[in-house]
Amino acid sequence: VAPYLVAHGTPELQQALLPAMVRGEKIAAIAMTEPGTGSDVAAIRTHARRASDAGGDHYVLSGQKTFITNGHNADLVVVACKTEPEQGARGVSLLVVERGMAGFTRGRNLRKIGQHAQDTAELFFDNVRVPASHLLGEEGQGFKYLMQKLAQERLLVSVQCQARAEAALQWTVDYVKERKVFGQPVASFQNTRYTLAELQTEVQVAQVFVDKCCELICK
């Protein structure tokens, strides 16, 4: 979430949210997925209309999200919504919704096969009044922003996966050196060595690819 605020938030919004996020005082989430549309951002139904009345310049946000990581614990949520529904992907905008805003509620904490320590929730927005200053970047540019930052997010996942693969391989090497079969370590068998060599090659190739991706995204 932080990269969205850094790249597209106003200085005031950045100052209000980023320091607390860095200190671990605020948890953030990004809300794209909806019931019936999955992660197809162009097809989302959550919408927001610009309004100016006695309450000041703001957006009125309505809709529903599901499978939102950090949904229950989040103090702020970057919500993908349609500000111009007839424009499809070109009508998507990003609004920052904060804990305590009237009309913002959270549904059940969804059960998952794994990652139980990380909450995944449903979110509901019932005419939530979001200050216009909480718009990230420009109206209608949300889809482009998402496509840019999701690539970075997925690269972070690949770095994690690479680290897990390297750890798993090292654990395996340590095990076959200790485990004995027919009076000798499993690591001494030719087939074991061939298998480990192939795995080491795959892990090394993956590391080079991840490094190259990191280099490209930082340009």
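Helices in the chain, meaning DSSP H runs of at least 4 residues, each add -39500 (n - 2.57). Divided by all residues, the mean residue ellipticity at 222 nm is -13500 deg cm²/dmol. Once C-alpha pairs closer than 8 Å and six or more residues apart are averaged by separation and normalised to the residue number of the stretch 6-118, the relative contact order reads 24 percent. Charge tally for G140 (other residues, Cβ to Cβ under 10 Å; Lys, Arg +1; Asp, Glu -1): 0. Taking 28 Å as the limit for the C-alpha separation, the pairs K65/K212; K65/K149; K26/K212; K65/K144 exceed it in the case of K65/K212; K26/K212. For the chain, the solvent-accessible area of protein heavy atoms averages 59 Å² per residue (probe radius 1.4 Å; ligands and nucleic acids excluded).
Taking only protein heavy atoms and a 1.4 Å probe, the accessible area of the chain is 54% carbon and sulfur. Which listed residue (T66, P11, V1) has the Cα farthest towards the positive end of the charge dipole for the stretch 1-126, taking +1 on Lys and Arg C-beta and -1 on Asp and Glu C-beta about the Cα centre? Looking along the dipole axis, the top candidate is T66.
The values are calculated or read from the model by the stated rules, or taken from the named source; none is laboratory data. As the structure is a computational prediction, the values presented were derived from the model and not from experiment. A quick note on method: Cβ atoms are made from the backbone with ideal geometry, for glycine too, and the neighbour counts reach across all protein chains shown. When the accessible area is computed, the model is the full protein with side chains, heavy atoms only, and any ligands, DNA or RNA have been set aside. Shrake-Rupley method; radii C 1.70, N 1.55, O 1.52, S 1.80 Å.
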